[in-house]
Amino acid sequence: MSASRERILARVRAAVADAPEAPESARDYLESHTSDDPAEILDLLHENLADYRAIVHRATEAELPALIAELLDTRSARSVVVPDGLPEAWLADTTAEQRTDDGPLTPYELDAIDAVVTGCALAIAETGTIVLDAGPGQGRRALTLVPDLHICVVRAPGQIVASVPQAMPRIDPTRPLTWISGPSATSDIELDRVEGVHGPRTLEVVLLRD
């Protein structure tokens, strides 16, 4: 350590030597600002997802295959990447070419695929956020960042929590986490919004009711 640095640090220590100890931080904050009613939490998630410009749908398990096929067809998606562990029934009705991530797919191959369909780890109602952790049915991060269309299925109520504090105990910090709040977007200094720069241009979310 240089002599100059040591002199500066010595002055700092002397200046704070008689300072009172910092008070202990309060930990009595609310864990959630939402009631425990699953229907209210689901409606709040729907509202906040839409506020972030995600396109939100609701479906039952029986309705899901037809809905996914319709969404892919509406977006003219001719190919879709299928993460390992995604339920086969979800894509049973689609005519789009289904690509698996065997190999794995290169960035160039992913860029040529129109869409990806995934599940999620959980969703946070108060922030309108979907969390992916590369678990079964989600795939590695590149699968959900390169294709232009991401269709994400969220199971309700099992995968929905009200708040971030409620989400943290359910998240494994050692896994590769991706937090998604709407489609990828950015803006310049004049606030001209451009979507699809850092990830999918379109995010379709299906709230799957048990």
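The values are calculated or read from the model by the stated rules, or taken from the named source; none is laboratory data. Worth saying up front: this structure is predicted, and the values here are computed from it rather than measured. Neighbour counts run over all protein chains shown; Cβ positions are idealised from the backbone, glycine included. Each accessible area value is taken on the protein alone, full model and side chains, heavy atoms only, with ligands, DNA and RNA left out. Shrake-Rupley method; radii C 1.70, N 1.55, O 1.52, S 1.80 Å.
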So if I check each of E61, E97, E31, E70, which one is within 30 Å of T144 (Cβ to Cβ) and either at pLDDT below 90 or hydroxyl-bearing (S, T, Y) (or both)?
E31
Could you check, for segment 58-76, whether at least one of its residues is of a type in the set (S, T, Y) and part of a helix (DSSP H, G or I)?
yes
Condition first: aliphatic (A, V, I, L, M), open to solvent by less than 10 Å² (accessible area, probe 1.4 Å) and under 19 Å from the mean Cα position of the chain (by Cα). Can you find one or more residues in segment 84-107 that meet it?
no
Please list, ordered by residue number, the strands (runs of 3 or more DSSP E) wholly in segment 123-190 having 2 or more residues that are surrounded by 21 or more Cβ atoms within 10 Å (Cβ to Cβ).
129-132, 149-156
Here is a list of conditions, (1) open to solvent by 30 Å² or more (accessible area, probe 1.4 Å); (2) assigned to a loop (DSSP other than H, G, I, E, B), and S4 meets all of them except one; can you say which number that is?
(2)
Is it the case, given these coordinates, that E24 is open to solvent by 70 Å² or more (accessible area, probe 1.4 Å) and assigned to a helix (DSSP H, G or I)?
no
